[in-house]
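Each remark here refers to the structure printed beneath this line.
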Amino acid sequence: MIWQDTQPMKADDDANSSAPHLLPALSETVMPPPAASHPPPSASGPPPPTSNSSSSPPPPTSNSSSSPPPPTSNSSSSPPPPTSNSSSSPRLRSSASPLISEDQFACHCCYDILVNPTTLNCGHSFCRHCLALWWESSRKTECPECREKWEGFPKVNILLRDAVERLFQDVVERRRAEIHGNPKTSQCLLAFQRYGDEQIARGPTRNSPRRGAGGFFSGVLTALTCVAVVLLVYHWSSGDGVHDLLVSKPVSKWTPEEVLFWLENLGAWASLYKDPFLQENVNGRLLLMLGDEELTRHPYNIENLTHRRAILAELDRVKELGVKPPQNLWEYKAVNAGKSLFLLYSLKSSPRLTMLYLYLFDYSETFLPFLHTCCPPFSPASQPMEDGLLPNNQVHPTWHQWAEFLVKYLLLPYQLIAEFAWDWLSVHYWTSRFIIVNAVLLSVLEGCALWRLYSRAAIRSLPQKMWGHFWRMFSQGFAFALFWPVTPQFVCNCLFYWALYFNPIINIDLVVQQVLHPDTQVP
């Protein structure tokens, strides 16, 4: 009974000893002021009756004065555990803030407080602008830290964003102002968001009846592909391949029909002299024996000195080569299959380097005719040149031609290719138009690439990109020279016709993407 009476009194002493320490912390709460003489009931049992508490003696003074109870040492140094009402105290909330540091909410890319934190599939979170800059520089959809690829398109972690903004409001506002003030970062964020919109649009809308502009252009590209296939079938079935044999067949074995075909290819003016060659049944051997004196006599009677010189000049070339010299694209391809494939792909990928290569290593045979065709010499039209008589392409270009060529070479290299194809419209009607359209599209793509470099303030990286482009073209040319001799002719023909007829169709789609979404393309 004495033990039961002393336990409440001990609780009274503990409560009274800790009360002075709790008063400052609880002064601002909604708790009522503590009672002066009645502490809260002890957890050990119900309070004893008042009648017994007055008669029972207090605990010995020697024990209470000699050694304080164990709870008093802890209560004097720290407040008791918070009650249900302690969560509303500002003093107690501020005591927990030192446990939260900025390092726990730092981005692992910029090592600063997270701004619009974006959580990837792997669980790592980064600033959204840091993730956009990483995507633009690497063009990879993977985590910058663990390199795990993400699926879909990452979104802002709203819960983490709200927590960071509440804890570090001043820092987040300052960083947001810096991000919005940086045009490059804002451009990257816009491009990253548009890239995500495209990825979302491509995924679930496969079965959707509304396809928008993408479906329309897909139909156009399909129609153009069908047209290209029809043109190829027409070319193969038109019999042009039979005439291509003249460029590889010796002149001494030509038939009279092949001699007439050779004469017709000289130009429209040569059709005036078809009948004498047909009446005399001139074959390849007789053609090699003709000279200036024979052409002036009966039955040829070629009195026009210019026509006679043109026929003799072509005849000398035939005697020198032993075969018919190529006079159109298909004949040139039949004679120079590897060179034509190389020029087709290299002029498409890097026209400036290709023209420089032709100037250094193929000046007289390829570069001079190309320059004279694209930049003809300026001369007064006192005596117009007759149709079909080509000028002498081995004459050294004038300074006016060099100036025009260099300006176009530096600024619009694809225009030179378009002008060269324009000169062959009468010979290759559809093929020349495909080449001209492709040259225009490639010029637009090159202009868009330069504009992206300028708008993203990456113009300083242009020399580095040019150096990388040079080494890439050099390695591709070396690989072509190494593997072309062992590549089957059928594969080479497929690659040739693909680059000639189907590449313009692909470039149309690329130009459309550039116009619709200019900020999501690689610079």
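The figures follow:
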read-out: Some residue of the stretch 496-509 being of a type in the set (Asp, Glu) and modelled with pLDDT under 90; value: yes
read-out: Matching entry among Trp471, Trp424, Trp484, Trp451 (being in contact with a Cys (Cβ under 9 Å, 6 or more places away or on another chain), surrounded by fewer than 17 Cβ atoms within 10 Å (Cβ to Cβ), of a type in the set (Phe, Trp, Tyr) and in the same structural domain as Ser340 (by TED's automatic domain parsing)); value: Trp484
read-out: Residue match in the stretch 135-148 (condition: modelled with pLDDT of 85 or more, closer than 21 Å to Asn182 by Cα and assigned to a loop (DSSP other than H, G, I, E, B)); value: no
read-out: Checklist (1) charged (D, E, K, R); (2) crowded, with 17+ Cβ neighbours inside 10 Å; (3) modelled with pLDDT under 85; (4) farther than 17 Å from Thr255 by Cα applied to Glu320, failing item; value: (2)
read-out: Residue check, Gln464 free of Cβ contacts under 8 Å to residues at least 40 places away in the same chain, out of contact with any Leu (no Cβ under 9 Å at 6 or more places or on another chain) and either surrounded by 14 or more Cβ atoms within 10 Å (Cβ to Cβ) or not assigned by TED's automatic domain parsing to the domain that holds Ala132 (or both); value: yes
read-out: Any pair with Cβ under 7 angstrom, 6 or more apart, that starts in the stretch 109-120 at a residue that is closer than 13 Å to Arg174 by Cβ and ends at one that is assigned to a strand (DSSP E or B); value: Asp112/Ala106; Ile113/Ala106; Val115/Cys127
read-out: Residue in the stretch 302-330 that is nearest to the chain's Cα centre (by Cα), counting only those that are farther than 14 Å from Tyr273 by Cα and part of a loop (DSSP other than H, G, I, E, B); value: Asn328
read-out: Any hit, the stretch 409-420, residues being farther than 25 Å from Asn265 by Cα, touching a residue at least 24 places away in the same chain (Cβ under 8 Å) and of a type in the set (S, T, N, Q); value: yes
read-out: Some residue of the stretch 162-175 being in contact (Cβ under 8 Å) with a residue 60 or more places away in the chain, part of a loop (DSSP other than H, G, I, E, B) and outside the structural domain of Leu453 (by TED's automatic domain parsing); value: yes
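Residue-by-condition table, conditions (1) at pLDDT below 90; (2) in contact with a helix residue (DSSP H, G or I) (Cβ under 8 Å, 6 or more places away or on another chain):
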| residue | (1), (2) |
| --- | --- |
| Thr431 | no, yes |
| Leu441 | no, yes |
| Gly447 | no, no |
| Pro463 | yes, no |
| Trp467 | no, no |
| Phe474 | no, no |
| Phe483 | no, no |
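The values are calculated or read from the model by the stated rules, or taken from the named source; none is laboratory data. Note that the coordinates shown come from a computational prediction; the quantities given were computed from them, not determined experimentally. With ideal geometry, Cβ positions are generated from the backbone for all residues, glycine too; neighbour counts draw on all protein chains shown.
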